[in-house]
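Engineer: The structure under discussion is supplied below as structure tokens; questions concerning it will follow.
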Amino acid sequence: MQIIRTVKEMQLISIQLKNEQKQIGYVATMGYFHEGHLNLMKQARKENDIVITSIFVNPLQFGPNEDFEKYPRNKEKDTREAEEAGIDYLFLPSVDEMYPDKQLIKMHMERRVNVLCGNSRPGHFDGVLTVLTKLFHIVLPDKTYFGLKDAQQVAVVEALIRDHNFPIKLIGVPTTREADGLAKSSRNVFLNEQERKEAVWLYKSLLHGQQLVVDGVKNPDIIVKEVHELLREHVSGKVDYIEMLSYPDLLPVLDTNQNIILAAAIYFEEARIIDNIILNAKGQIKSQFE
């Protein structure tokens, strides 16, 4: 595995790989790997000639009161695990390398962002769009892999690729979970013991909502209300949102006769955790997004 730290070198390598007709799979991360990240890399390894992973904690997607400075980092562990996962190139740019000058062009998402996480994190997805546009131009991937735990991000990336004609196939990979169902996340380390016990109810509540769809409940308001009541009963943290929307368009729905996302987020003392399930009209969980 080669470690690349500059934009110029990474781009030159990518151009050479393309000239050699190599198919490039790409996993963009902010590091502090858990099993979910590694599963993305493993799937990319199976499907491509070359796999590139980047680690970059992007300051543009953190708000003024968010956790950029304390976002967990462990480059040594990440480097070792990336190599064990069979990564060919690990791209580790600094902030100054990615943003050497003040941005003259700002990217802005018109839709899909004023709901779910975007509603409480204004500007977050604009920062995601900016960094991914730069990374896609640097890495030149044929396929890119994102976890469906951040399903709104997957929907945003789908729009970016489609609207800007990137010749990239987006693969949304199922959420990786702990044995009790909690979605794996780098921020889970900030949960105390009691919060960790309560956090599992995020997924349990969403599954209750799924069962309501299976049982024939069509009214999203009823489903959201029951999920909210179950969460309030079992979780001490503050519920940020519970929403049921069309997917991937993320528009309000009148009934469940379509692909939908049921998603929720909770604020605990030191961490905000999110989860979702994506369902078809029969209430079956969709395992992958392409």
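Engineer: For Arg80, are the conditions met, namely being within 20 Å of Gln2 (Cα to Cα) and basic (Lys, Arg)?
Structural biologist: Taking the combined requirement at face value, the residue satisfies it.
Engineer: Take His137 and decide whether it is in the same structural domain as Tyr71 (by TED's automatic domain parsing) and surrounded by fewer than 20 Cβ atoms within 10 Å (Cβ to Cβ).
Structural biologist: When the stated conditions are applied, His137 passes them.
Engineer: Look through the range 44-58, keep the residues that are surrounded by fewer than 21 Cβ atoms within 10 Å (Cβ to Cβ) and over 16 Å from the mean Cα position of the chain (by Cα), and return whichever of them is nearest to Lys22 (Cα to Cα).
Structural biologist: Restricting to residues being surrounded by fewer than 21 Cβ atoms within 10 Å (Cβ to Cβ) and over 16 Å from the mean Cα position of the chain (by Cα), the top hit is Asp49.
Engineer: Would you mind listing the helices (runs of 4 or more DSSP H) fully within the range 124-218 where at least 2 residues are over 25 Å from Arg111 (Cα atoms), more than 14 Å from the chain's Cα centre (by Cα) and touching a residue at least 12 places away in the same chain (Cβ under 8 Å)?
Structural biologist: Values: elements: 124-139, 151-163, 193-214.
Those helices (runs of 4 or more DSSP H) span 124-139, 193-214.
Engineer: For the range 108-123, name all the residues that are over 16 Å from the mean Cα position of the chain (by Cα) and among the hydrophobic types (A, V, I, L, M, F, W, C).
Structural biologist: Within the range 108-123, just Met109 meets the criteria.
Engineer: Within the range 112-133, does at least one residue satisfy the condition of being surrounded by fewer than 18 Cβ atoms within 10 Å (Cβ to Cβ), in the same structural domain as Thr53 (by TED's automatic domain parsing) and modelled with pLDDT of 95 or more?
Structural biologist: Yes, that holds for at least one residue.
Engineer: Of the residues Ile52, Ile13, which is β-branched (Val, Ile, Thr), assigned to a helix (DSSP H, G or I) and within 14 Å of Pro141 (Cα to Cα)?
Structural biologist: Ile13
Engineer: Name the residue, out of Tyr203, Tyr247, Tyr241, that is among the aromatic types (Phe, Trp, Tyr) and surrounded by fewer than 19 Cβ atoms within 10 Å (Cβ to Cβ).
Structural biologist: Of Tyr203, Tyr247, Tyr241, the one residue that is among the aromatic types (Phe, Trp, Tyr) and surrounded by fewer than 19 Cβ atoms within 10 Å (Cβ to Cβ) is Tyr241.
Engineer: Something else now. Would a scan of the range 101-112 turn up a residue that is on the phi > 0 side of the Ramachandran plot and in contact (Cβ under 8 Å) with a residue 60 or more places away in the chain?
Structural biologist: So far as the range 101-112 goes, yes, one or more of its residues are on the phi > 0 side of the Ramachandran plot and in contact (Cβ under 8 Å) with a residue 60 or more places away in the chain.
Engineer: If a residue must be without any contact (Cβ under 8 Å) to a residue 12 or more places away in the chain and among the hydrophobic types (A, V, I, L, M, F, W, C), how many such residues does the range 1-25 contain?
Structural biologist: Residues in the range 1-25 being without any contact (Cβ under 8 Å) to a residue 12 or more places away in the chain and among the hydrophobic types (A, V, I, L, M, F, W, C): 1 in total.
The values are calculated or read from the model by the stated rules, or taken from the named source; none is laboratory data. This is a predicted model, so every value here is computed, not measured. Neighbour counts are summed over all protein chains in view; Cβ atoms, including those assigned to glycine, are modelled from backbone coordinates with ideal geometry.
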